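A short worksheet on the structure shown next.
Nothing in this text is a laboratory measurement; each read-out follows from the coordinates by a stated rule. As the structure is a computational prediction, the values presented were derived from the model and not from experiment. Note that each Cβ is placed from the backbone with ideal geometry, even for glycine, and that neighbours are counted across all protein chains shown.
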Ligand code: PEP
Ligand code: MG
């Protein structure tokens with residue numbers, strides 16, 4: 001048996017086989033070949049295979065998502081027949097005597113660049129399609145088995161690191177637990193792991209390739225993983241896991257109960273989601289609403305910039321299913337660690353302080369209006385709140401509201417039905433927290449994004465794992481800004497919630513209630529545990545003595 005330690009992100013026990021997740025590798029060598037005809041034959045064979053794959057994807061998408069979404073795969077099939085592209089690749093093989101892989105990389109990259117240089121945004125967006133096809137061709141030529149990256153049976157997935165775009169694509173039904181060598185506790189990947197309630201270890205420096213396929217236990221309680229554990233350990237940790245499952249079952253008894261303290265203070269406990277697929281979790285865990293729908297995951301899950309109709313479908317599905325519960329949808333918060341090829345964002349020195357979130361939306365008005373129109377159209381089907389991220393000034397909020405009003409007028413003149421909505425902003429920059437009085441005059445609600453608020457207040461890059469030892473999630477400066485924001489909101493009849501990870505920190509629930517928070521929005525699995533804590537608090541008792549039941 002081998003024991004390797006890491007940093008726990010999500011507690012719990014996962015028992016099963018290890019699966020090493022390897023991102024496909026596109027290391028292409030530039031050596032010259034003798035038999036150029038053989039390379040052309042390999043190229044043609046790969047082209048045929050990828051065309052077949054695109055056809056299968058087209059049929060699958062047609063069944064599951066309809067003609068609009070499937071059309072992209074039909075376009076891919078056609079692109080692979082493009083004579084200019086094929087000739088360019090063949091020339092690299094026949095005249096320059098390079099391999100098929102090299103020709104694909106060069107030929108497809110040049111084509112992608114050509115699209116990128118066009119003025120029309122539609123054609124610019126096609127460059128991402130060419131890159132997708134390039135990767136599919138290279139996977140075939142290099143023998144990358146992309147289907148089996150995650151395997152077909154449930155396993156504990158082990159990876160160097162995972163980007164949010166990779167994490168969202170994982171088949172959750174095949175995940176028992178997650179272990180990464182890199183990663184930081186406040187990253188979006190960690191947030192996704194929490195929302196899946198998946199036992200997770202990061203910073204596991206001693207991951208080894210030969211773990212692949214071995215039986216293991218991820219023990220979140222002891223922040224370690226046991227490779228090929230002894231039978232005694234398997235028995236005791238299986239018992240521990242069963243106990244956890246029993247506790248979870250007991251929490252189900254709290255479904256339908258109110259989030260009211262013993263002395264009668266009631267708050268809302270909402271859930272954070274990333275898209276329509278998470279609605280089931282909101283219902284199973286009896287959240288009273290959605291306090292943060294991270295709409296950028298709709299964008300991350302799409303191969304191309306999602307159309308107004310595609311977004312409308314996603315928002316409508318969530319609103320309709322959960323009505324009359326409130327659903328707060330945050331407008332696109334792309335940038336920093338959440339990057340998308342088709343957005344074509346420049347590389348930046350300081351992406352967390354850079355061109356992201358509302359800054360992108362306010363400078364790409366058509367992009368922003370597409371989302372706002374989709375949201376307003378969806379508002380007819382439920383109880384919608386719209387929330388703007390990364391706000392630092394009153395000017396920005398007014399600009400957002402003006403564009404929202406412009407979209408409303410357009411839709412009214414088109415005769416589109418819309419519902420009543422609340423408008424709010426995230427308070428996740430010190431600037432917003434310090435200007436909360438002025439900002440509160442502009443909006444119906446605030447939602448404290450404590451992940452970014454902590455990052456910006458403490459100058460701790462939330463993505464940088466090296467800074468973990470310096471990070472203090474309970475930093476007094478952050479708690480003071482939270483208190484100031486709640487008090488400022490209430491002075492102007494603006495309700496205040498917390499949707500960052502701190503909202504689920506049970507050691508702070510009493511503090512937040514005493515500060516007067518109106519809502520906590522947490523990962524769905526934390527809703528019932530939080531309800532249990534709230535119902536055991538008596539705020540009429542002195543600070544520190546309010547927890548009156550055994551936890
Ligand atoms: C936050 O910053 O606290 C937040 C909720 O937004 P995100 O984690 O998506 O940046
Ligand atoms: Mg944030």
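Scale the Cα Rg of segment 496-551 by the rule-of-thumb value 2.2 N^0.38 Å and send over the ratio, two decimals.
In units of the globular-protein estimate, segment 496-551 measures up at 1.06.
Between residue 441 and residue 248, 0.36 nm times their residue separation minus their Cα-Cα distance comes to what?
65.3 nm is the gain from fully extending residue 441 to residue 248.
Take 547, 85 and order them by how many other Cβ atoms sit within 10 Å, fewest up front.
Fewest-to-most Cβ neighbours within 10 Å comes out as 547, 85.
State the Kirkwood hydrodynamic radius of segment 234-368 in Å, one decimal place, computed from all pairs of distinct Cα atoms.
One over the average 1/r among Cα pairs gives 17.8 Å for segment 234-368.
What is the P(r) of the chain, as percent of Cα-Cα pairs per 20 Å bin from 0?
19, 51, 27, 3, 0
Taking segment 387-450 as the region of interest, what is the percent of Cα-Cα pairs per 5 angstrom bin, listed from the shortest bin to the one with the maximum distance?
The distribution over segment 387-450 is 4, 18, 27, 20, 12, 10, 6, 3, 0, given as percents.
What order, most packed first, do the peptides 408-418, 73-83, 87-97, 280-290 have when packing is the mean number of other Cβ atoms within 10 Å of each residue?
The most tightly packed comes first, giving 280-290, 87-97, 73-83, 408-418.
With a 10 Å radius around each residue's Cβ, average the other Cβ atoms per peptide and rank 295-301, 362-368, 307-313, highest first.
Those peptides, ordered most packed to least, come out 295-301, 307-313, 362-368.
When N counts the residues of segment 289-346, how does its alpha-carbon radius of gyration compare numerically with 2.2 N^0.38 Å, as a ratio?
Compactness ratio reported: 1.21.
Taking the mean number of other Cβ atoms within 10 Å as a proxy for protection, how do you rank 387-400, 498-511 from highest to lowest?
Highest to lowest by the protection proxy: 498-511, 387-400.
Restricting the calculation to Cα positions, tell me the Rg (one decimal) and the Dmax (whole number) of segment 439-551 in Å.
My reading of the Cα-based Rg and Dmax gives 14.8, 43 Å.
Taking every DSSP beta bridge that has both residues in the chain, what percent is antiparallel when rounded to the nearest 5?
In the chain, DSSP labels about 35 percent of beta bridges as antiparallel.
On average, how much area does the Cα convex hull of segment 1-101 cover when viewed from any direction, in nm²?
With the hull built on Cα positions only, its mean projection is 12.2 nm².
Rounded, prolate or oblate: which fits segment 333-380 when a ≥ b ≥ c are the square roots of the eigenvalues of the alpha-carbon gyration tensor, with rounded for a/c under 1.5 and prolate only if a/b beats b/c?
Prolate.
Which whole-number percent is the relative contact order of the chain (Cα, under 8 Å, 6+ apart)?
Normalised by residue count, the contact order of the chain is 15 percent.
Wrap a convex hull around the Cα atoms of segment 296-421, take a quarter of its surface area, and give that in square nanometres.
With the hull built on Cα positions only, its mean projection is 7.7 nm².
Using just the helices of the chain, give the 222 nm mean residue ellipticity in deg cm²/dmol: DSSP H runs with n ≥ 4 each add -39,500 (n - 2.57), and the total is spread over all residues, rounded to 500.
Dividing the helical sum by the residues of the chain leaves -14000 deg cm²/dmol.
If eta is 0.692 mPa s and T is 37 °C, what Stokes-Einstein diffusion coefficient results for segment 252-535, Kirkwood Rh from Cα pairs, in µm²/s?
Details: Rh = 19.1 Å.
It comes out at roughly 172 µm²/s.
Based on other C-beta atoms within 10 Å, arrange 225, 279, 548 from fewest to most.
Arranged by neighbour count, lowest to highest, 225, 279, 548 become 548, 279, 225.
Helix 83-94 sits at what angle to the longest principal axis of the chain, using alpha carbons and giving 0 to 90 degrees rounded to 10?
Compared with the principal axis, the helix lies near 60 degrees.
Which percentage, to the nearest 5, of the DSSP beta bridges contained in segment 252-535 is antiparallel?
5 percent
Short version: what are the Cα gyration tensor semi-axes of segment 229-287, square root of 5 times each eigenvalue, largest first, in whole Å?
32, 18, 9
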